[in-house]
Amino acid sequence: MGRPVSVEDYRRIAARRLPRAVFDYVEGGAGDERGVARNRAAFERILLSPHALAEVSRRDLSVPFFDRRLPLPLVIGPTGLSGSVRPGADLMLARAAARAGVPFVLSTASTSSIEEVARASDGEKWFQLYVLNRELADSLTRRALDAGFRTLVLTVDVAVSGRRERDVRNGFGIPFRMTPRFFAGCAVRPAWSLAQVRHGLPQFGNLVSAEAKDASSQALLMLRQMDASFSWDDLAALRERWPHRLLVKGIMRAEDAARCFACGADGVVISNHGGRQVDDTPAPVDVLASVRAPEGKAVLVDGGFRRGADVVKALARGANAVLLGRAPLYGLAARGEAGVDEVIRILEAEMDNTLALIGCPRAENLSGEFLA
Ligand code: HOC
């Protein structure tokens, strides 16, 4: 393949660079993976309605976002265990986001720790919280606060783990288990294997501190064994304790979004976890149409974004910004930190091109008027 020119090109290269089990972990979804496919297919059904003869000689992709402007309507979303794609992945993603001027969301399940990421990048960093148990959640939240993270993203769609059959078949887990299948996958990817061995095999970087050093928290996170009793009262209590911006990720109903806002959340992320939790839900971009943010609050969305035009469609449906999950990981797998920059630049160029062609020079002016 020549120079990659689309996110899909990076995806294909990633498939060739990563051992099968790791690519499957990134790519896979729950059950029959209809949800993963539906997230992508939804964009095919949303059609653009170009306005003719608009003055589009100067375009502006920036959007208002709370008390600032984002230069691009993008956020690098949280992805767990990204160090399995490439050692130092979280640091690379954070730095690439900072270069693009967009926020980076560090996962609770990251391979680099909160403190390492804080040292690596002075860009805007958000912390994604899984509540494995209350004490650990309190300690992670405090560490994120101390490290300068000012937006907390509580994920609420992992009461238990989705059933991801690729991971079960591959025996994918932490620590890596050298089953014959996994070993064979690594043997045909010597560059990846060498880099991982040199760096030390990935573990959950946030759970090796003094407060969370027991191996069991690593195992609990691997199994996504969360505190399934966490509910609305706990969200309200978290809102009381967290002094800065709070977003709730994994909302798929307008009523739940409204309840999050009533609890004091500053924003919601409409998300089905990339199709990795419940197989048969609507695509988040379709749910988006029914959710409205009250004044001063925000609605974000993720799920299957691979094209700048996908982002344009989400904004036209009312999203304030879009979280990218797998797309930057493809860039990372294919070409390291530079690959993340390239994926962001491709999406930026595609957004710019789409805005010009539909006659909407400013991303912030996108609305249903630009959809057929
Ligand atoms: C490997 C398990 O949210 C996912 C992420 C990470 C969850 C815990 C890590 O895989 O859906």
Residue identified as buried (at least 17 other Cβ atoms within 10 Å of the Cβ) and either within 17 Å of residue 242 (Cα to Cα) or more than 16 Å from the ligand (Cβ to nearest atom) (or both) among 109, 94, 184: 94
Report, by residue number, each residue of segment 81-91 that is open to solvent by less than 20 Å² (accessible area, probe 1.4 Å) and touching a Leu at 6+ places or on another chain (Cβ under 8 Å). 82, 85, 89, 90
What number of residues within segment 97-106 are more than 25 Å from residue 23 (Cβ to Cβ), open to solvent by less than 10 Å² (accessible area, probe 1.4 Å) and either in contact with a Phe, Trp or Tyr (Cβ under 8 Å, 6 or more places away or on another chain) or part of a strand (DSSP E or B) (or both)? 1
By residue number, the members of segment 2-20 that are of a type in the set (A, V, I, L, M) and either at pLDDT below 95 or within 18 Å of the chain's Cα centre (by Cα) (or both) are 7, 14
Search result, residues across segment 150-160 that are surrounded by fewer than 20 Cβ atoms within 10 Å (Cβ to Cβ) and in contact with a strand residue (DSSP E or B) (Cβ under 7 Å, 6 or more places away or on another chain): 150, 157
Looking only at segment 218-254, which residues are at pLDDT 95 or above and basic (Lys, Arg)? 239, 241, 245, 249, 253
From the list 177, 163, 198, pick out the single residue that is among the charged types (D, E, K, R), surrounded by fewer than 15 Cβ atoms within 10 Å (Cβ to Cβ) and without any contact (Cβ under 8 Å) to a residue 12 or more places away in the chain. 177
Can you say whether residue 65 is of a type in the set (Phe, Trp, Tyr), surrounded by 15 or more Cβ atoms within 10 Å (Cβ to Cβ) and closer than 22 Å to residue 326 by Cα, as far as the supplied structure shows? no
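Quick grid of which residues meet (1) within 23 Å of residue 93 (Cβ to Cβ); (2) within 13 Å of the ligand (Cβ to nearest atom):
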site	(1), (2)
115	yes, no
128	yes, yes
135	no, no
152	yes, no
167	yes, yes
179	no, no
Residues of segment 213-235 that turn out to be open to solvent by less than 40 Å² (accessible area, probe 1.4 Å), among the aliphatic types (A, V, I, L, M) and over 24 Å from residue 82 (Cβ atoms), as a count: 1
Going through segment 236-252 in order, the residues found to be surrounded by 13 or more Cβ atoms within 10 Å (Cβ to Cβ) and assigned to a loop (DSSP other than H, G, I, E, B) are 242, 252
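The values are calculated or read from the model by the stated rules, or taken from the named source; none is laboratory data. Worth saying up front: this structure is predicted, and the values here are computed from it rather than measured. Ideal geometry is used to build each Cβ from the backbone, glycine not excepted, and the neighbour counts take in all protein chains shown. Side chains are part of the model used for accessible areas, which takes the heavy atoms of the whole protein and leaves out ligands, DNA and RNA. Shrake-Rupley method; radii C 1.70, N 1.55, O 1.52, S 1.80 Å.
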